[in-house]
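The values are calculated or read from the model by the stated rules, or taken from the named source; none is laboratory data. What you see is a predicted model; the values in this text were computed from it and never measured. Cβ atoms come from the backbone with ideal geometry, glycine included; neighbour counts cover every protein chain shown. When the accessible area is computed, the model is the full protein with side chains, heavy atoms only, and any ligands, DNA or RNA have been set aside. Shrake-Rupley method; radii C 1.70, N 1.55, O 1.52, S 1.80 Å.
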Amino acid sequence: MKKVIFTVIIFFTLLSISAQDINTLLQRAGTEGEDQAPVPTIMPVQVVPAVADNLQLAISNRDYPVTPGDVYTLTFLLAGETVSNVLLVESDYTINLTIFGKIDASGMTFARLKPIIEETIAAGYPRSLPSVTITSVGVFQIPVMGEIPESRYVTAWGLSRLSEVLEGILGEYSSIRDIEIISANRRSKKYDLLKALNLGILSENPNVSP
């Protein structure tokens, strides 16, 4: 069975997919693909998320991951006055709290990060009642290439899943049975998206991130 490579700049950065007919796979597994086609040039494409909906989902979901580009609002009392600061998650997952230093939020959810920031401010300014809220969520582009009609960039955000990245871009010989995702640190893991879609095994349809 031949292999197809998806380069994905997300929590995992590379997808390798075997070439099989996707329509046949939805009916039965194991159909053999044709000869491997050359990898085409990546063409840009924009899939703009519904920003307002994404913000509400991020606020209500305890598993929402800290994502580069996220904007948070920090408010606290200082000498009886309300102070409001804007916090930005940088590309390296650091957050600058000015006089309180920087926080490395890599691998954190917002639910875990929120009390850390609030406790840091409260330690410096007792009885200041600090509060951190999400103002907007970050988005990022994922280049996808391999056994698809045209390589392209797909826009994703912190709660996007693998199935969303591949939606609408698969071709006649694309397969979702053998997807290898390789992270930036070169760690590799394989997924069978058909198991997620047909059997409800959600671990086979992971979230993506930068």
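Okay, here's what the table says:
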{"read-out": "Using a Förster distance of 22 Å, the FRET efficiency for Glu90-Ile116 (Cβ separation, nearest 0.05)", "value": "0.85"}
{"read-out": "Distant-in-sequence amide H partners of Ser136 (H built 1.01 Å from N, under 5 Å)", "value": "Val71"}
{"read-out": "Relative contact order of segment 44-113, defined on C-alpha pairs under 8 angstrom at six or more residues apart (%)", "value": "30 percent"}
{"read-out": "Where labels lie 7 Å past Cα in the beta-carbon direction, separation of Asp63 and Glu167 in nm", "value": "1.7 nm"}
{"read-out": "FRET efficiency estimate (nearest 0.05) - Cβ-Cβ, Ala79 to Ala184, R0 41 angstrom", "value": "0.40"}
{"read-out": "Most to least packed among 168-176, 138-146, 192-200 [average Cβ atoms within 10 Å]", "value": "138-146, 168-176, 192-200"}
{"read-out": "Label-point gap, in nm, between Thr133 and Glu150 - each point 7 angstrom along Cα→Cβ", "value": "4.2 nm"}
{"read-out": "For segment 130-202: accessible area per residue (Å², 1.4 Å)", "value": "45 Å²"}
{"read-out": "Heavy-atom accessible surface of segment 113-210: percent carbon and sulfur, 1.4 Å", "value": "51 percent"}
